[in-house]
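Read the figures in this text as sums done on the coordinates, not as results from a lab. Everything numeric here is computed off the predicted structure, so don't read it as measured data. Note that we place each Cβ from the backbone using ideal geometry, even for glycine, and neighbour counts take in every protein chain shown.
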Amino acid sequence: MKLKSSFNKVLNIASLESKDAQIKVHTLLQSEKNKQPSINAYLGARYSRSADSITDIAKEIMESKTDAAKKLEMIFQGYGHKSVGDMAGIFVCIENIPMFLAQKLFYMNPVHAGQERSTRYQNFQEPEFAKMPKGTDPEIAKEYEEIFNLWMQNYLEVMEPTKQALQKQFKPDKGDKMQKGALQARTFDTARFFLPIGLQTSLALSMSARSWAELIGYLRASNLGVARELGEMLYVLLTGNDELKKEGYVPEADGLIRHTEANQTRNNSTREILELIRNKSLPKKNLSLQTPQTSNSKVNLGNSAIRDFSRHYALLINPLADVDKFKLDNVTLKKIGRILSKYHNQHNQIGTIAQTGAILIEGFGDYGSVLKDINRHRSLERFFPLLEDWVDIDAELGREESECFFLCDYLEINSFEKLRADYKKRFDRTYKRLKNWSLNAKGKISEDLRLEYTRYLLPHAHACRYRLYGSIDDWQYLIHLRIRNGGHISYRKLAYDWLVRLSKAAPVFTGMADKLEKVDHNSREQFFDRS
């Protein structure tokens, strides 16, 4: 892989750029000459093994000229105390990757601080998106780009009629800049459902060296070509190459990342478990989606963690299946246990597929306002089949075009019947073309490539399966945050629906339900309130 390296001594930023895919990665250093994150982590490690004040420990290290980074690497690699790597914080910016991959990065890391570039501030007149690799069958690549452009054409063409319909319905006061801005934002919230998730985006992530090392290992083993490329770039950036070091770049925690190889453990265990359960009376019936998306959510207060865990694997085989009655016998569970113990330990965790929790809320929601926004809530255990490498995309698309997507809740307003019909017609037409492309690509490009780029053609409106687990405190936090007037109407309504369902299932939530205002897509006050 050809990479262009640079180090800006004035800004203290080291950068790598992929000449083929145009991906860029940058790390913003805390100190130009010192490996400050490594020093911080080593001070913390020493602090835990001493009765002295941190000032005394730091003074001792400075006076003895101890190589903190080297000592830390010995602890991290030699003794297996990887928790010290959690104290070495590293800030990285990643540019020009598919929106889908950005969400996958948030999904793979339950502990992170991060921000993705908002689509509200992007110029989509000449959109940049994930292009198929050079050498791909010309007809397949051409049709892929034409479908992508069709999504963008839909987006641009509905913008003005959507704005006019919202303006007629909610009647903003003339000369009121705040209401004018709200109208523009709500127009975008409605039209952006057409945006494909292969559009390029950028994000900033701050994580520990330990988290970066684990992420790099899993990216390097991914089924997704763009993910593997990003993994290699992050590895080179955070360990440093000759070109960067000649320019004066001092990697901040290279010793904690240098030994990170492609980690195939999750691929291996998932493959074997899917082979084991594929014919274990998996539910054949696909769920029928209802509109609006609040009709599809439900609450369960007492699920078994083991039962939920096995259902996650079943949903990789068919993300649309009704798994309520899916249960594995003890013999099969023991076999799964042996597979897991063969590949996973304290160094190689099972990952998001094994996350369950106390209160489960599950259903289907649109990618753009549910999966995309809820995915960033670190307090929740969450499972989204679409974000897993091993999900069956053909099964994901194995439904009528009309059941592949949700529309923004504003389009449920009675007077929007004509506009709503236009949206549906556009989605039906483009989904049909997308499905045909994926079918025609079989045998003409590699299967991994077909499944990866089929994902990139999915729109923000795509109806995704979700399973979210949280404590009472997790749910009260998320619901309070997400039903506020300033947010997207679709996730606001869904969050309120969760509250209604929770209050019916558990009396402890009734106080919150009585206190909080009902989310109403017809409300003029809520439409213009962006606080």
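Cα-Cα pairs above 17 Å in segment 240-340: how many percent?
Values: 3361 of 5050 pairs.
Considering segment 240-340, 67 percent of its Cα-Cα pairs are separated by more than 17 Å.
Enter the Cα centre distance for the pair segment 333-412 and segment 124-142, rounded to the nearest angstrom.
28
Between Asn268 and Lys19, what is the FRET efficiency for a Förster distance of 41 Å, r being their Cβ-Cβ separation, to the nearest 0.05? Can you show the working numbers first?
Details: r = 33 Å, r/R0 = 0.79.
The formula returns an efficiency of 0.80 here.
Of the GluC sites (Glu not before Pro) in segment 105-140, which ones lie in a loop per DSSP and count no more than 16 other C-beta atoms within 10 Å? Intermediate values should be presented prior to the final figure.
Values: sites: Glu116, Glu128, Glu139; in loops: Glu128.
Those that pass, being in a loop and sparsely packed, are Glu128.
For n ≥ 4 DSSP H runs only, could you compute -39500 (n - 2.57) per run for the chain, divide by its residues and tell me the 222 nm figure to the nearest 500?
On the way: 19 runs with 236 residues, N = 531.
Value at 222 nm, helices only, nearest 500: -14000 deg cm²/dmol.
Identify all lysines with a Cα-Cα distance to Lys24 below 26 Å; exclude those on the same chain that are fewer than 8 residues away in sequence.
Lys24 reaches Lys2, Lys4, Lys9, Lys33, Lys35, Lys104, Lys131, Lys134, Lys142, Lys245, Lys246, Lys372.
With N set to the number of residues, divide the alpha-carbon radius of gyration of segment 103-218 by 2.2 N^0.38 Å and report two decimals.
Numbers: Rg = 18.9 Å, N = 116, 2.2 N^0.38 = 13.4 Å.
Working it through for segment 103-218, the quotient is 1.41.
Can you figure out the FRET efficiency of Arg376 with Glu60, using R₀ = 56 Å and their beta-carbon distance, to the nearest 0.05? Don't skip to the answer; put the middle values down first.
Details: r = 41 Å, r/R0 = 0.74.
After rounding, the FRET efficiency stands at 0.85.
Compute the long axis of helix 177-191 from its Cα atoms, compare it with the longest principal axis of the Cα atoms of the chain, and write down the angle in degrees, 0 to 90, nearest 10.
Between the helix axis and the principal axis of the chain, the angle is about 90 degrees.
First measure r as the distance between the Cβ atoms of Asn286 and Asn223, then evaluate 1/(1 + (r/R0)^6) with R0 = 25 Å and state the FRET efficiency to the nearest 0.05. Numbers along the way, then the final one.
Values: r = 24 Å, r/R0 = 0.96.
Approximately 0.55, to the nearest 0.05.
Hey, got the dipole for the chain? About the Cα centre, +1 on K and R Cβ, -1 on D and E Cβ, debye to the nearest 20? Please list the in-between numbers first.
Details: 79 positive and 67 negative charges, 130 e Å.
Once rounded to the nearest 20, the dipole reads 620 debye.
For segment 201-268, would you read off the P(r) tail past 15 Å as a percentage of all alpha carbon pairs?
Values: 1230 of 2278 pairs.
So the portion of pairs separated by more than 15 Å is 54 percent.
Once the Cα atoms of helix 225-239 and of the chain are each reduced to a long axis, what angle between those two axes, in degrees from 0 to 90 to the nearest 10, is obtained?
Long axis of 225-239 versus the principal axis of the chain: about 30 degrees.
Once both labels are modelled 7 Å past Cα along the beta-carbon direction, what's the Asp173-Ser295 spacing in nm?
Output for this residue pair reads 3.8 nm.
Separation between the Leu11 and Asp329 pseudo-spin-labels, each 7 Å from Cα along Cα→Cβ, expressed in nm?
Using points 7 Å along Cα→Cβ, the separation is 6.2 nm.
Please identify the trypsin sites (Lys or Arg not before Pro) of segment 302-347 that satisfy two criteria: DSSP loop assignment and at most 11 other Cβ atoms within 10 Å. Which are they? Don't skip to the end; give the middle numbers.
On the way: sites: Arg307, Arg311, Lys325, Lys327, Lys334, Lys335, Arg338, Lys342; in loops: Lys325, Lys327.
When the trypsin sites (Lys or Arg not before Pro) of segment 302-347 are filtered for loop state and at most 11 Cβ neighbours within 10 Å, Lys325 remain.
Suppose each label sits 7 Å from its Cα in the direction of the beta carbon; what would the Arg258-Lys515 distance come out to in nanometres?
5.3
Round to the nearest 10 and give me the degree value, 0 to 90, for the angle of helix 138-170's Cα axis relative to the longest principal axis of the chain.
Helix 138-170 and the main axis of the chain meet at about 60 degrees.
Output the Kirkwood hydrodynamic radius of the chain, Cα pairs only, in Å rounded to one decimal.
On the way: mean 1/r = 0.0399 Å⁻¹.
Final number for the Kirkwood radius of the chain is 25.0 Å.
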